[in-house]
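Novice: Submitted below is the structure of interest, expressed as structure tokens.
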Amino acid sequence: MRPPQDRINMISKSTRNFNECSVDDVRGGISVIFDMPSCGGCRTCEMACSFKHEEAFVPSRSSIKILDKKDGPGFLVFLVEESGGQEVACDGCLEFGVPLCIQYCRESEELKRIIKEFLERRETQKTYRRRAT
């Protein structure tokens, strides 16, 4: 299940070149969407990620989703920030050194920048939450 199309259209208009927009996932997790103009939409990253989590190719269990954009080149990259419902949070495949999605992406340099920004953002938020408690 993907976020509603009207939400994707809104995000597609508001995101450009690694600017992210937090959204509420319809399944209860917290997610971030990035614009990736060079993405060809092959969704190999989804397959690699789901294999890491499920030991089977189940894209619905992937922490990364590739979404269609209403206009412009490329696709939107949907990353799960916090687990909830059916969602599994992206952990950056820390045990592999290089995330599987990046290993199998033909546009790996751009995806690498997106994943790095995503993980840095998440770590910053964790730091702020710890200080607030």
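Novice: Could you please let me know if F57 is free of Cβ contacts under 8 Å to residues at least 40 places away in the same chain and either surrounded by fewer than 21 Cβ atoms within 10 Å (Cβ to Cβ) or under 24 Å from T124 (Cβ atoms) (or both)?
Specialist: yes
Novice: Identify all residues within the stretch 78-128 that are in contact with a Leu (Cβ under 7 Å, 6 or more places away or on another chain) and within 16 Å of S31 (Cβ to Cβ); write none if there are none.
Specialist: Matches in the stretch 78-128: F78, C90, G92, C101, F118.
Novice: Could you list, in sequence order, the residues of the stretch 105-115 that are surrounded by fewer than 17 Cβ atoms within 10 Å (Cβ to Cβ), in contact (Cβ under 8 Å) with a residue 12 or more places away in the chain and of a type outside the set (D, E, K, R)?
Specialist: If the condition is that a residue be surrounded by fewer than 17 Cβ atoms within 10 Å (Cβ to Cβ), in contact (Cβ under 8 Å) with a residue 12 or more places away in the chain and of a type outside the set (D, E, K, R), then no residue fits.
Novice: Pick out the one residue from F34, F75 that is among the aromatic types (F, W, Y), in contact with a Cys (Cβ under 6 Å, 6 or more places away or on another chain), at pLDDT 90 or above and buried (at least 21 other Cβ atoms within 10 Å of the Cβ).
Specialist: Every option except F75 fails the conditions.
The values are calculated or read from the model by the stated rules, or taken from the named source; none is laboratory data. Given the structure is predicted, the values throughout are model-derived calculations rather than measurements. A quick note on method: Cβ atoms are made from the backbone with ideal geometry, for glycine too, and the neighbour counts reach across all protein chains shown.
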